[in-house]
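Notes to accompany the following structure.
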Amino acid sequence: MADQSQPQDDYLSRVFAATSTSESTNLYDQWASTYDADMVSHDFKAPRIVAETLAEYVNTASKSSAVIVDAGCGSGAVGLQLKNVGFTGPIDGLDLSQGMLDVARKTDAYRDLKITDLTKRVDASDGEYDGLTCCGTFTHSHLGPEPLEEFVRVVKKGGVLVATVLEMHWVEKGFEREVERLRESGSVEVLEKEVHAYRKQSGGGRVLVLRRL
Ligand SMILES: C[S@@+](CC[C@H](N)C(=O)[O-])C[C@H]1O[C@@H](n2cnc3c(N)ncnc32)[C@H](O)[C@@H]1O
């Protein structure tokens, strides 16, 4: 049951302060029904930017057949934006919060929605997807850079990954180093890593675009 002592629009700072995955997941379960409206007030533009960025790197002809996985899909904002920019093929969503997945299901944007802990091996074969999105999940008290290698594994050669990474974590939490390691190992080409202002008071974030080699 939701903690009525906290204003609902304070959920963002509460998930950022969570000290365990179970605390964060419980908060997202409580927040799910009002998450989308709250994020409008935070001027969260990242889902649209992520979808438009993926569309830039996937040619028009394959947009209708591309199979995409949305890691940390939450309530489905990225899935809806992907449909808006012309990805009419299957999109699978992965998230730890059942409450958020229940909201995502109502968007009708996803083929499959699965409870998944992204710090563990993803239940998908090597190269299963043409594209992967991960929006707003490389952030405070969520994911460090460790899942990037697993994300690369599930994308096919030539496929594209688009992820947002909070700018203040880019160097400090080792994202820059991990991306460089993946590049040097020959598993990815770095297509973009520009800083965007995609959420109010966030200090900006990188929109990281990798092509699987
Ligand atoms: C800020 S929300 C972003 C949701 C959505 N991508 C969007 O752009 O609106 C972060 C999401 O990451 C999920 N998450 C956090 N840690 C996770 C983990 N270890 N495995 C899977 N999902 C996780 C949360 O449940 C939440 O739905």
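Laboratory data are not the source of any read-out in this text; all were calculated from the coordinates shown. These figures come from a predicted structure and were not determined experimentally. Methodologically, a virtual Cβ is constructed for each residue, glycine included, from the backbone with ideal geometry; neighbour enumeration extends over all protein chains shown.
Across the chain, how large is the tail of the calculated P(r) beyond 31 Å, expressed as a percent of all Cα pairs?
Within the chain, distances greater than 31 Å cover 13 percent of Cα pairs.
Beyond 19 Å, what share of the Cα-Cα pairs of the range 1-96 remains, rounded to the nearest whole percent?
48
Given H placed 1.01 Å from N in the peptide plane, which residues other than close sequence neighbours of GLY136 have an amide H under 5 Å from its amide H?
THR164
State the dimensionless ratio Rg/Rh of the range 60-127 (Rg: radius of gyration of Cα atoms; Rh: Kirkwood radius).
0.97
Quick one: 3J(HN,Hα) in Hz for the range 37-53, Karplus 6.51/-1.76/1.60 with θ = phi - 60°, rounded, Gly and Pro as x.
Here the 3J(HN,Hα) series is 5, 4, 6, 5, 5, 8, 6, 7, 9, 4, x, 5, 4, 4, 5, 5, 5 Hz.
So what J values fall out for the range 61-67 if you push phi through Karplus, 6.51 cos²θ - 1.76 cosθ + 1.60 with θ = phi - 60°, rounded to Hz, Gly and Pro as x?
Calculated HN-Hα couplings, in order: 4, 8, 4, 6, 10, 4, 9 Hz.
Can you tell me the length gained on complete extension of the stretch ALA61 to VAL85, counting 0.36 nm per residue apart and subtracting the Cα distance?
Numbers: separation 24, 0.36 × 24 = 8.64 nm, distance 1.28 nm.
Length gained between ALA61 and VAL85: 7.4 nm.
With runs of 4+ DSSP H residues as the only contributors, calculate the mean residue ellipticity of the chain at 222 nm using -39,500 (n - 2.57) per run, divided by the residue total and rounded to the nearest 500.
-10500 deg cm²/dmol
Show me, for the range 128-145, the HN-Hα J-couplings you get by feeding each phi into the Karplus relation (A = 6.51, B = -1.76, C = 1.60, θ = phi - 60°), rounded to Hz, glycine and proline as x.
With the stated coefficients, the range 128-145 comes to 5, 10, 7, x, 9, 10, 8, 10, x, 10, 8, 8, 3, 6, 10, 10, x, x Hz.
Evaluate the relative contact order of the chain (contact order divided by residue number), counting alpha-carbon pairs under 8 angstrom at least 6 apart; express in whole percent. Please report the intermediate quantities before stating the final value.
On the way: 423 pairs, mean separation 40.1, N = 213.
Relative contact order, the chain: 19 percent.
If I histogram all Cα-Cα distances within the range 142-195 using bins 10 Å wide from 0, what percent of pairs lands in each bin?
Histogramming the range 142-195 at 10 Å steps yields 22, 62, 16, 0 percent.
Suppose each label sits 7 Å from its Cα in the direction of the beta carbon; what would the VAL190-VAL171 distance come out to in nanometres?
Going by the 7 Å Cα→Cβ label model, 1.3 nm.
Once amide H atoms are placed 1.01 Å from N in the peptide plane, what residues at a sequence separation of 5 or more from LEU213, or on another chain, have their amide H within under 5 Å of its amide H?
It is GLY158, VAL188, GLU189, by chain and number.
What number of lysine-lysine pairs in the chain show an alpha-carbon separation below 20 angstrom, given a sequence spacing of 8 or more or placement on distinct chains?
Summing the qualifying lysine pairs gives 13.
Which of the peptides 178-188, 103-113 is most tightly packed, and how do the rest follow, judged by the mean count of other Cβ atoms within 10 Å per residue?
Packing order, densest peptide first, comes out as 103-113, 178-188.
Starting from the coordinates of the alpha-carbon atoms of the range 60-179, obtain the Kirkwood hydrodynamic radius over all distinct pairs and give the value in Å to one decimal. Could you put the intermediate results ahead of the total?
Working: mean 1/r = 0.0693 Å⁻¹.
About 14.4 Å, per the Kirkwood formula over Cα pairs.
Report, by chain and number, residues whose modeled amide H sits under 5 Å from the one on ASP70, excluding near sequence neighbours (fewer than 5 apart, same chain).
ASP92, GLY93, LEU94, THR133
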